[in-house]
Each structure stands twice: as structure tokens, then as C-alpha cells.
Amino acid sequence: MDVSPIGISAIAYALPERTVDLRTLHECGLLDSPVDALAEFGFRCIHVSDRPADELALTALRRLIDEHAIDPESVDALLYAGAIPESHRVAGDGGTLEGFSYPVARLQYECGLINAATIGVAQAGCTGLMSAVALAASHLRATPDARRVICLSADVLPADRKREIIYNVISDGACALLVERDAPRNRIMAHRHVAKGYYWNSPARKNEIVAAYFPTARTIVRDTLTRCGYTADDIALVVPHNVSQRSWQILLPLLGVPPERLFADNIAAKGHVIAADNFINLRDAWDRGRVAAGDRLLLFNFGFGANWACLILQA
Amino acid sequence: MSPRSFVLVTGAAGTIGQPLLSTLASMPSIEGIVALGHVTPVVAREPSVRVVAGDVTQNEHLGLDPADAEAVSSRITAIIHAAANTRFDAPLSEARTANVDGTRHVIEFARRCPRLNRIVALSSTHVAGRRTGTILEDDLEHDAGFVNTYEATKYEAERELRAAMRDLPIAVARISTVLGDSCSGDIARRSAIHQAVRFMYASLAPMVPGDADSPVDFIALDHAVRAIAFLATDGFEAGATWHLGAGIDTVPFGELLDLTLQAFLQHRPSWRKRAIERPALVDLPTFELFCKSVDQLGDSTLRASTAVMSHFAPQLAFPKSFDDCRCREALVRGGVTRSPSRETWARMVKYVIQPENTDLEARILDFVRTSLLGGRAGPIDAGTYLFDEGLIDSLKILQLIAFIETEIGHTIPDADVVMENFRSVRTMAQRFTVRT
């Protein structure tokens, strides 16, 4: 069995240029909660796209390939994660046949990934991209000939859709990752995913989901750390999903992580970019010098469904 | 107590007062009982119990008309003062009126009772407030603060009682958290602790403050009643303060949570598939930040949960044990024994979650909303005519029958499977309530 380390060697993302602040969102009727409260919870503005998800995905994928000089034909698989159903179809007139016009196939063609198997990852909510990374790692371990997989997520909320989901403010965006053997950085040390179907009906179980979020997060993080033989003290940086600062203030004490070890730079200005948060933050943390080689990083995420996911990397 | 003792019980309709009447009435040493009731009607089945309407908060006549007040004060030999506002979330002024002014009035009333030879005032072990460590029965004064207005005002009431001990034969029974009956778990009025268990069952209790090792002290209702009856009669000791609690049989908080989950799984096996996490034990600031956040943005259901929890759970962050030497010795002398705490807790949990004691209407409504309609319908409530609105059909009625039979534990005879019984959630709840 091949035991060569697998990691995330490159990350690129695409956020729409247009930003919208909380006040404007409120005036457009796109928030449920008062502006002041959401601001107190740590949000300021979000990115809103006038292009469909597959277009943002294409931008992110091209960026990844160009910035890191990836030979498109060297990619063995392309995993496309989208949290909402609209992200899994190319925009069109909505006919039956168009339901089979898949973004992942379009991306493979546009970018010349001619050797890449294409797979969609759905119904995992905001944990979709992390699930894709875990699937990519499993694929590489199980397929001796395969060397690299690109994982990608993209979501754009329809224009009339509320921008607040259970007290979090949502951005559109896309993120692409290169997962490969012998990655020079971000080596995957452990991954854990917990799904609890009791919470499948998100509107009806909204309160129970809020309540379940914290203790389940604590359990999955502890379990994932234990798999590596780590404790919270071993973690140099928590790379979050961009739910509210407030929820991180509540969660961090449960995890035993001091607040200065949370990379929270992006919550206010970028909002919650659905499945892409952790990896956008990982890229920015590297770029801003918050990560040193060898650091142990903890990525935690939650997605409706309900799903909790945790990934531990060695930088 | 003399063979011809006559007892006034205030708060006679309360959780403790009501069963205390029966216990006192069965004691040969007690000739008669005056049960002072206020808002809630007092149930008096025994001929020796006479119910009078009054209100300890009103005046030193306890709200009785002058003739009644004179008749009662001239006759009684003992007072058991059980009237209290036990709401943890009561505004301070309201709690003070009931618990402090009420106690003052009882003291004044007692001074006008020529035959009186004892007063037993019911208090709470949590007059210790935010103190930690071992609390002695003689302890009272402290400046540690309180978790809720109930604690604060019972503390103030005890100070009044201690001052009055100089000229009146007063004893104070500080009662721990009272659960249900030690055998059945049954309790007439559910307290915050019962609600908290329900919230835990329903995945609405994410975290509680405290450490796994913190001792949790509680007692069964029937034990409390037997003990009070003894302490007010043969066990009476003027000037004494008793800790009526679990003594050394407290249960560590972490173990208590595990016992709760075990009881859920044992008595409601279908609960397992919900995979609800055990609440996290957190420090008090984290718990308070969560409660504040829910209060800021959460909707009513979650706010209701945190509101209940926030008024008593912080007490768990101040670990303490209650020394009960004096009380234990007295109860041993009187042969008053109690069941083990863990068994009492498990029976309470079983009682709280058993189908016939859950809110059937809410459970059916939840099932209809989440499983039957999958959240796809517009807002519905218990009164919505499901069939008339086209929300359910005969296939969905079969699913409802399966739910009611397996989840609620009620078998529906074929004769009852008619459309009118499924017209609305309310109709179903009324029609299919489990008969015990």
C-alpha cells in the first residue's frame, strides 16, 4: 500500500468583486436579523455575484492552474462540490435535458483536464469541499496510478434569496484545491466527518441545529485530534469556516483553543463563503505569514444535512 | 408535639404543601390541620384538614378575614410555612413580596398565637447562593451573591427567621432540589430541572456550566414530605437549621448527564437514532455568552430553553456540598429513610419523557411538519385542517397511525381509523391521548 503523504499543495479562489454591506442587505430585505446584532456578531459585508456558480468555478480553476503551473493533463480527477442544488447545473432555460448539463463536465472541458474523471459532491452543505478533499485523498490512496486530484466548490445564491442563514451572512464564491501525493505543504493528518440525519429538515430543526452545533463540534474535534495523537495545545492555528465571530467565541473554549489561535481575519470582510471558507482562509493565512512550515492546523466546518467535519493538516 | 396539636400549613397547594397535608393528617399526634391556600385550590380529602383562603403576602393576618384569623391563631400549636414564590425568573420585587414579606407576616401572625410551640419554615439549600465548598447547616451570612431571585429572597427570609428565633420557637428546613416521587417520578408541578431534561431530550440543551466532578444534590418529593412532617413533630428542635438534601449521596454532574442519556435510551429506544450529543460542560462565561447570543438573535423556542437554563444552571458552576449532620441524625432517629439518589434521578427522567406525559399535540405537530410534510408546506398549527387543506391524504394517515402507535405507544383500533379523527393535530392529540 502506498503510504506517501497526501496534502493540499495549492489553493486558488474567486470572489465576486462586488461587495454589499449589512445596511444595504437589510434595505433590500435580504436579512432576518437586525443589522446591529449581525455587526456585533462579527459581520460587515459580503461578496455578491452576478455570474452563475460555474463561471466563478471556472475562474478559480483557471487561477489554480495558472498560478501553480499545473499541467491539465496530469490531473486524475476533478471533484466539484456545491452546497445548493443550483450549483450543480449550468444556467439555462431550465429544460429537462439541461438538468444534465453538469458544471464539472464543462470545467473539465474548458480547462483541458482530459484525463480527469469528473465527480459531483452534493448534499453535504458547507462541508462539501472538505468532503471532496477527503474523497480525493481516499482515491489517491486506493489508486496507485493516480497522483493528483483537483477539488473545487462554487456556490452563488439566487438573487432573490435571503443572505442570512441562521444568523450567518452568506457570500458567493468559488475555491479550487490541488490534492496530490508528496505534497510539499498542508499534509492531511486526519479527517473526520459526522452526519446526523435527525437534523435533515433544516427549517424545521433550526433551533435544534443551533443547539447541536456546539457539543457535536467539540466531540468531532476531540476525536480528530485523538486520531493524530494530538491535543488542542498542539494546534498552531484554527482555520475556521466563516460563521460568526460570536459562535467562535463560544466554541473555542469548548475546544480548549485560545482566541489568538483562530484565523478570524476574513469573517467580517468576506462573510461565510459556504463550502469554500476553510480553504480561502488557509490560502490567506499562508499569504499573510500566519502559517509556518510544520505547523499543525485544524480546519472545522459544519454543513446542513447535518454534517460536521474536521481536518487536521501539517503545514 | 402534644397529642392535641393543631397545625397551620401555608402554601398548602404547593408541590410540597399538598402532599404534606395527607402525611400530617395520617399522624396520630395531629388533631387538625388548617390548610392556607391562595391561587391554586387546595385538595383536602381528610376530615381533619380544613381549607381556608388566604394570602401570606397581604398582611399579618395572612389575608384571612378577621374572624378566621382569630379562630386560627387561638387554636394552632404549630406552623409549617411552605408558601413561597419558587419561580427562578420572578422579578426581584415579586419574589421579595412572596418570600420575604410573606415570611415576615407569618412571623407576626405567630406572635399572636398563644398556644404556638413551633414554627418550621421551609427554605432552600441554595440560600448559599454562589458560595462554593462545604456549606454547614448553621451557615447563613455571606456576600458571594446569588444565581436567581428565588435564592436571594429565601436568603433574606432566613435572615428574618434567624432574627425572630430570639423570641419564637423557629426551625428552618433548607430543602434541596426536589424531584418527583421516589418510585414513580411523578410530580404535580414540573420545575426548571424537569424542563431542562425535556430540552436535553429534544436536542435543545447544548451546554451547561460546571465541572464533571461537581456534586449535584437533590431529593425525592416523598422523602422531603416525610422528613418535614417528622421535623415538624417529633424531630422538632427550636433554633435548628436542617439541610434536607442528599447528604453524601450526591451525584457528580458528569455522571448525572450520563445517567440521563442512559434513561433516554432505556425508556425511549427510538431516541438513539437522533444521535443527540451530550451537552457540553463549559465555564460560566461561555454559557452566559451563548444565552446572550440566543437572546439577541435566537427564535422563541431556543430562547425559551436558554431562559429556563439560565435561571438555575449557573448554580452548577459554583460547586458545593451541604453538610447535613444535624438533619441526618434527626431523620435516623425518626426512622425516615430515602431511596438512593441515582434511582430517584432515573425515575424522574423516565417520568419526564414517558409518552403519556409528553405534550402529545406538540409531538404530532412536529412529526407532521418535519416528516410528513418535509417542511414543504406553509405554516401550519395544531388547529389546521390537514385534510381539508390538502396537506394529507390516506397514505399520510397511515404514516400518522404508524407514528402514533410506535412513537406515542398508543394502539389505534380499526374502528378509530376514520377521517374525522385525523382532521387536525389537535383532534388527533385529543382522540389518541394515552389512557393510563
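Computed values, structure above
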item	result
Tensor-based shape of the range B:264-350 (alpha-carbon gyration tensor, a/c under 1.5 rounded, otherwise prolate or oblate)	oblate
Nonlocal amide H pairs with B:SER123, under 5 Å, H built at 1.01 Å	B:ALA173, B:ARG174, B:ILE175
Bridge type composition, the protein assembly as shown - antiparallel percent by DSSP, nearest 5	45 percent
Principal-axis tilt of helix B:253-267 within chain B, Cα atoms, nearest 10 degrees	50 degrees
Chain pair A, B: total accessible area buried, heavy atoms, 1.4 Å probe, Å²	2500 Å²
Base-10 log of normalised Debye intensity for the range A:1-53 (one unit scatterer per alpha-carbon) at q = 0.28, 0.31 Å⁻¹	-1.10, -1.19
Residues in the range A:228-254 occluded by at least 10 Å² - accessible area, probe radius 1.4 Å, against chain by itself	A:ARG246, A:GLN249, A:ILE250, A:PRO253, A:LEU254
From the C-alpha gyration tensor of chain A, square roots of 5λ in Å	27, 25, 18
Protein-protein interface of the range B:277-310, residues with accessible area decrease of at least 30 Å², isolated chain reference, 1.4 Å probe	B:GLU277, B:ALA280, B:THR286, B:LEU289, B:PHE290, B:SER293, B:GLN296, B:LEU297, B:ASP299, B:LEU302
Principal axis dimensions, largest first and in whole angstrom, of the range A:181-221 by Cα	45, 18, 13
For A:TYR230, residues with placed amide H under 5 Å, excluding near neighbours	none
Total charge dipole magnitude, the range A:29-100, about the Cα centre, Cβ charges on Lys, Arg, Asp, Glu only, Debye to nearest 20	100 debye
Two-decimal ratio, chain B, of alpha-carbon radius of gyration to 2.2 N^0.38 Å	1.09
Projected label distance in nm at B:ARG278 and A:TYR230, using a 7 Å step from Cα toward the beta-carbon	2.4 nm
Angstrom value of the Kirkwood radius, inverse mean 1/r, which spans all Cα pairs in the range A:10-165	17.0 Å
Three semi-axes of the equivalent ellipsoid, the protein assembly as shown, Cα gyration tensor, whole Å, largest first	61, 29, 22
Computed accessible area, B:LEU244, all protein chains, 1.4 angstrom probe, square angstrom	0 Å²
Unit charges on C-beta of K, R, D, E only; dipole of the range B:239-361, Debye	320 debye
Cα centroid separation, the range B:384-406 to the range A:207-279 (Å)	41 Å
Lysine-lysine proximity count for the protein assembly as shown, Cα under 23 Å, sequence distance 8 or more or distinct chains	9
Sulfur and carbon atoms: percent of accessible area, chain B [1.4 Å]	51 percent
The protein assembly as shown - accessible surface per residue (Å², probe 1.4 Å)	40 Å²
The range A:3-70 and the range B:69-91: distance between their alpha carbon centers, rounded to Å	65 Å
Accessible surface of A:ASP287 - all protein chains present, 1.4 Å probe, nearest 10 Å²	100 Å²
Neighbourhood charge, 13 Å Cβ-Cβ cut-off, centred on A:PRO240 and excluding it, Lys, Arg +1 and Asp, Glu -1	+1
Over the range B:1-147 - Rg/Rh using Cα atoms and the Kirkwood inverse-distance radius	0.99
Using θ = phi - 60° and Karplus 6.51 cos²θ - 1.76 cosθ + 1.60, couplings along the range B:186-195 (whole Hz; Gly, Pro as x)	4, 8, 5, 10, 6, 9, 4, 5, 5, 5
Computed magnitude of the charge dipole of the range A:1-157 (debye, nearest 20; Cβ of K, R +1, Cβ of D, E -1)	320 debye
Residue of A:ALA174, A:ALA136, A:ALA154 that the Gaussian network model of chain A assigns the largest fluctuation, springs spanning Cα pairs under 10 Å	A:ALA136
Euclidean distance of C-alpha centroids, the range B:276-294 and the range B:133-149, integer Å	25 Å
Heavy atoms of B:ASP138 accessible to a 1.4 Å probe, total area in Å² rounded to 10	90 Å²
Cα-projected label distance for B:ASP258 with B:ASP414, points at 7 Å along beta-carbon direction, nm	5.0 nm
Which of A:ASP54, A:ASP76 is most accessible, then next, and so on - probe 1.4 Å	A:ASP76, A:ASP54
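The values are calculated or read from the model by the stated rules, or taken from the named source; none is laboratory data. Just so it is clear, the structure is predicted and the values come from calculations on it, not from any experiment. Counting neighbours? That spans all protein chains shown, and the Cβs are built from the backbone with ideal geometry, glycine included. For the accessible areas, the whole protein counts, side chains as well, though only heavy atoms, and no ligand, DNA or RNA atoms are used. Shrake-Rupley method; radii C 1.70, N 1.55, O 1.52, S 1.80 Å.
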